[in-house]
Structures are given as structure tokens and as C-alpha cells.
1. In segment 96-103, is there at least one residue being in contact with a helix residue (DSSP H, G or I) (Cβ under 7 Å, 6 or more places away or on another chain), at pLDDT 85 or above and of a type in the set (A, V, I, L, M, F, W, C)?
2. For residue 41, state whether it is closer than 27 Å to residue 155 by Cα and at pLDDT below 85.
3. Specify which of the listed residues (172, 157) is open to solvent by less than 40 Å² (accessible area, probe 1.4 Å), in contact with a helix residue (DSSP H, G or I) (Cβ under 9 Å, 6 or more places away or on another chain) and in contact (Cβ under 8 Å) with a residue 12 or more places away in the chain.
4. Got a number for residues in segment 1-58 being small (Gly, Ala, Ser) and within 16 Å of residue 162 (Cβ to Cβ)?
5. Can you tell me which condition residue 117 does not meet? The list is (1) in a helix (DSSP H, G or I); (2) open to solvent by 80 Å² or more (accessible area, probe 1.4 Å); (3) closer than 17 Å to residue 34 by Cβ, and all the others hold.
6. For segment 64-71, check the following and say yes or no: at least one residue is among the hydroxyl-bearing types (Ser, Thr, Tyr) and over 25 Å from the mean Cα position of the chain (by Cα).
7. From the list 55, 83, pick out the single residue that is assigned to a helix (DSSP H, G or I), free of Cβ contacts under 8 Å to residues at least 40 places away in the same chain and open to solvent by less than 90 Å² (accessible area, probe 1.4 Å).
8. Scan segment 28-48 and tell me whether some residue there is assigned to a strand (DSSP E or B), of a type in the set (Phe, Trp, Tyr), open to solvent by 50 Å² or more (accessible area, probe 1.4 Å) and in contact (Cβ under 8 Å) with a residue 60 or more places away in the chain.
Amino acid sequence: DLRHNFEVMVSTRRMARQMKFNWLLPDESIYYLARRHPITVFNWIMPPVITLLILLLLGSLILVVNSDILNWAFGVAFGLNFLWLIWRWVDWSNDYYIVTNERVVRTEKVVALYDSREEAPLGTIVSVTSDTAGPFQRQIGLGNVVVRTFTGQITMYDVSHPYQVESMIQEYWTRSKERVQQLEKEAIKRTLLNKIVPPPPT
């Protein structure tokens, strides 16, 4: 468990140094930052990879026929599928899950289509749960983390070490609640002191 916690921390620090998020507040710190588990990238790029392999097999037959039209069609199809492969890789790399000292965030960017950001302040969290789909996912440390809030939920799909991430979010959530409670106590204390000893007139 300690090793997994350190892996999450080191990965977060490394990525946080490389990434810049212009929506972060000046005093906002990143506690957790991750993409989907690296193994999931194979599911994302497998369709274009299979298509490219099929095209390569067909290409050997096209060379035997020696047809300009078929060569042109093969070149176009190969180029489009190669672009599809790159697009799928970039699409995978542009999704981030972030936990700061203020909120939980899920960003999703699809190149040339849309850029979205789901977020929830730590104070609005109701529960945090994690799960793994099966023994293999559990063995490699792959699973989902669901953060439920008053207005909905933010799901972190296919993250590494989901149980450690769940524990981490719960810890920061608890800290946030304690901080709010402390601020409320201080506000009540100031109100009572002002009633007992009114401030001097200005």
C-alpha cells in the first residue's frame, strides 16, 4: 500500500511539473493528477492498428496488380487510418483526472470537437467509492473511482491504484470539512465577541 501511495504521489508530481492548467486559482495546489491507466491506450488504438495491418496485407496484393487507381486508393486509405491512429492516441492523452485543495476535476478534450471540464468543490462531496471490474484489473491495479456530490457525480475511469486514489480523496475531503468547520467556529466566535464587546465607534 505504501509503495502504491508513493507511485501515485510521484506520478502526480511529475505530471504536474509538465502540465499547465490556466483555470487553476493562484493559491490552488494539485494533490492528484492522472490519465487513464496506460494499458487502456491499447483499447483506444487497437481499431486503427488492426485496420492498418489489413491494409498492409492488401497492399502486397495491390503491388502485384500494379494499378494506379488501386495504388492511389491504398495511399489515401493508409494515410487516413494513420491519422486516425494518431487522433486516438492524442484523444487518450488529453483526458485528465485532478484533485486539488479546492475541488475534484475531470477534463476531457476531443481534438477538433470539444473541450469539457467537470468539477465539484470538495465541500459538496457526499461519498467516494472505488471498484475493479475483475481479477485481472485488480491484479494490475486498474479500476474506477466515483465521487458523488450533491449535484451529481464525477467518475474517474480506468485509473491506476483506485483504492489509493479513493483513500486520498477521502482524506482531502475530510480536511476540507474540518477547515470549513474551523472557519464557522471562528465566525461564530467573532460574532459573539462583537456582541459582548462591541467595536469602538469610528
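1. Scanning segment 96-103, I find at least one residue that is in contact with a helix residue (DSSP H, G or I) (Cβ under 7 Å, 6 or more places away or on another chain), at pLDDT 85 or above and of a type in the set (A, V, I, L, M, F, W, C), so the answer is yes.
2. Values: closer than 27 Å to residue 155 by Cα: yes; at pLDDT below 85: yes.
Against the criterion (closer than 27 Å to residue 155 by Cα and at pLDDT below 85), residue 41 qualifies.
3. Details: 157 fails: open to solvent by less than 40 Å² (accessible area, probe 1.4 Å).
Testing whether each residue is open to solvent by less than 40 Å² (accessible area, probe 1.4 Å), in contact with a helix residue (DSSP H, G or I) (Cβ under 9 Å, 6 or more places away or on another chain) and in contact (Cβ under 8 Å) with a residue 12 or more places away in the chain leaves just 172.
4. First pass over segment 1-58, keeping only residues small (Gly, Ala, Ser): 11, 16, 29, 34.
Restricting the remaining residues to those that are within 16 Å of residue 162 (Cβ to Cβ) gives 11, 34.
Of the residues in segment 1-58, 2 are small (Gly, Ala, Ser) and within 16 Å of residue 162 (Cβ to Cβ).
5. (1)
6. The first filter runs over segment 64-71 and keeps only residues among the hydroxyl-bearing types (Ser, Thr, Tyr), leaving 67.
Subset that is over 25 Å from the mean Cα position of the chain (by Cα): 67.
Yes, segment 64-71 has at least one match.
7. Details: 83 fails: open to solvent by less than 90 Å² (accessible area, probe 1.4 Å).
Criteria check complete, one pass: 55.
8. Applying the first criterion (assigned to a strand (DSSP E or B)) to segment 28-48 yields 30-34.
The next check asks that each one be of a type in the set (Phe, Trp, Tyr); those that pass are 31-32.
Next cut, open to solvent by 50 Å² or more (accessible area, probe 1.4 Å) only: 31.
Applying the additional criterion that residues be in contact (Cβ under 8 Å) with a residue 60 or more places away in the chain yields 31.
Yes.
The values are calculated or read from the model by the stated rules, or taken from the named source; none is laboratory data. Note that the structure is a prediction, hence the values are computed from the model and not measured. Every residue, glycine as well, gets a Cβ built from its backbone with ideal geometry; the counts of neighbours run over all protein chains shown. To get the accessible areas, we keep the full protein, side chains included, count just its heavy atoms, and leave off ligands, DNA and RNA. Shrake-Rupley method; radii C 1.70, N 1.55, O 1.52, S 1.80 Å.
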